[in-house]
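Here is the structure we will look at.
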Amino acid sequence: MEPVRSQRKLIVNDVVSTLPLYRSAPALEVRLEEFELFALDRLRVLKGISDALSRGRKPEEMEKLAIDLWKTNMRHPQASEVINKDIISHFVLRLVYCRTEDLRKWFLSMETALFRYRFKREKQEAQRALMAEFDLPYKAVSSSEFESVKEKLVLVSRSLGQSSPTADDIFFKVPFEEVPELVAGRRVFISKGHAYIAMSQVVSLVATQFRSHLSRALILTNRKWTTTIAEQEKDRLTPIVEALSSSYLGPDYSQPKEFAQISLKDIDDVAKSSFPLCMRHLFEKLREDHHLKHGGRMQLGLFLKGVGLKLDDALAFWKAEFSRKVGAERFDKEYSYGIRHNYGREGKRTDYTPYSCQKIISSTPGVGDHHGCPYRNFSEENLRAALNKMGVTGRAVGDVMDKVRNRHYQLACTLTFEAVHGSSCDAGINHPNQYFSDSQKIMQSKNQSAA
């Protein structure tokens, strides 16, 4: 590893591009804190793109959003280090997301989408330089060949609502299988197995090459990780790498902010109106069975702490339920310590934070457990029944189930929130305590309007 000496840029035929192709890991010295912080900043960009795509944002909206996310998160105090941050963060996340097929698939899709949006913002000279860097063997169509197919190209442009091409426009002739999305969308003229693509469409060709390269690289990285890196760096890097793939990037909700506290007398009403499904299910099971296993106690207990249930009230709440099943004496002996521990009053005095959606979704409940994410763990029949109980009916249930089938569990929760409250949630639900906080704001606003 060498110290960072200069800004790295792609230079081809004297044309400079600030968009790296990530062909090989850089020989850079990286401090451990930068290793993690750079990766988290890039992760905010990728997850922002992922959420917006899942919500069906339009292409033009997506491009602007992606670039805005990039500018916001990938800046560096030293302008000369921006590209190094770009390269380092990519390779760190490549290490993080190489480890399972699902992680690889998500990272591959999001990095390719990000590359596509950034490529479209490059100047035409830089775009051609990037094509050359990929060693693509395609030359611009000659004037005579352009004239021979001009009428067909004009028809394609008109069908897309674009201006007709002229002799000054650049076209490339490529094997049609290398631009599958253009072919599927009928956005190119095809002749004798070749597609004629305009310079404005080159992004599809280059993005396909980028995706193919990154896909192979992720497989190779996984092999290195499992055979060498994980063992060599098990004390230093492995904990960071394993944590990054499930990182939550928003507020930790360790302390209630907008709403100072909830009282025991109001907790049942608040649970019905403002608890997300995961917490509502746990709350109802606790009331029904007068007991929850450890995972459920942690998930619900920390959530209640985050929404403002004070320690004394928490102890009274849990004792009132558990005493009906195990007795007050056993509760004091076996369970009260855990509650005080969550509030930082025992053990290491750590102020534990409520679980994020990422953490809840990634948990694996066993038999008799009720924690975890209902959108992931419930059967379709049980989930529909739970949604109906929350007041979600008709088409809204179908929309939620569509997201569940595609494993977009947080979006399913977001749609539930919108159906229950009759209000949009553009930011999406990323944390149960966020659901509660946003719900309470809406409830208070409605109460004030009715007063």
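Some observations on this one:
- If you check 319, 305, 333, 285 for being part of a helix (DSSP H, G or I) and in contact with a Gly (Cβ under 8 Å, 6 or more places away or on another chain), only one passes: 285.
- Looking at 85, 120, 105, just one residue is surrounded by fewer than 18 Cβ atoms within 10 Å (Cβ to Cβ) and farther than 15 Å from residue 214 by Cα, and that residue is 120.
- For segment 89-102, residues that are of a type in the set (S, T, N, Q) and surrounded by fewer than 19 Cβ atoms within 10 Å (Cβ to Cβ) total 1.
- The single residue among 78, 124, 162 that is closer than 30 Å to residue 173 by Cβ, polar (S, T, N, Q) and outside the structural domain of residue 201 (by TED's automatic domain parsing) turns out to be 124.
- Summed over segment 292-314, residues that are buried (at least 17 other Cβ atoms within 10 Å of the Cβ) and either free of Cβ contacts under 8 Å to residues at least 40 places away in the same chain or of a type in the set (A, V, I, L, M, F, W, C) (or both) total 9.
- Listed by first and then second residue, the pairs with beta-carbon distance under 6 Å, at least 6 apart or on different chains, first residue in segment 424-439 and in the same structural domain as residue 355 (by TED's automatic domain parsing) and under 14 Å from residue 302 (Cβ atoms), second assigned to a loop (DSSP other than H, G, I, E, B) and of a type in the set (S, T, N, Q), are 431/356.
- Hey, residue 288 modelled with pLDDT of 90 or more and farther than 24 Å from residue 417 by Cα or not: yes
- Every test in (1) surrounded by 20 or more Cβ atoms within 10 Å (Cβ to Cβ); (2) touching a residue at least 24 places away in the same chain (Cβ under 8 Å); (3) in a helix (DSSP H, G or I) is passed by residue 338 save one, and that test is (1).
- Residues (part of a helix (DSSP H, G or I) and either outside the structural domain of residue 303 (by TED's automatic domain parsing) or surrounded by fewer than 17 Cβ atoms within 10 Å (Cβ to Cβ) (or both)) located in segment 360-389: 362, 380, 381, 382, 385, 388, 389
- In segment 312-352, the residues that are within 19 Å of residue 282 (Cβ to Cβ), of a type in the set (Val, Ile, Thr) and under 35 Å from the mean Cα position of the chain (by Cα): 339
- Pairs where the first residue, in segment 252-271, is surrounded by 12 or more Cβ atoms within 10 Å (Cβ to Cβ) and the second is modelled with pLDDT under 70 and part of a helix (DSSP H, G or I), C-beta under 6 Å, 6+ apart: none
The values are calculated or read from the model by the stated rules, or taken from the named source; none is laboratory data. This one's a predicted model, so the numbers in the text were calculated from it and none came from an experiment. Neighbour counts are summed over all protein chains in view; Cβ atoms, including those assigned to glycine, are modelled from backbone coordinates with ideal geometry.
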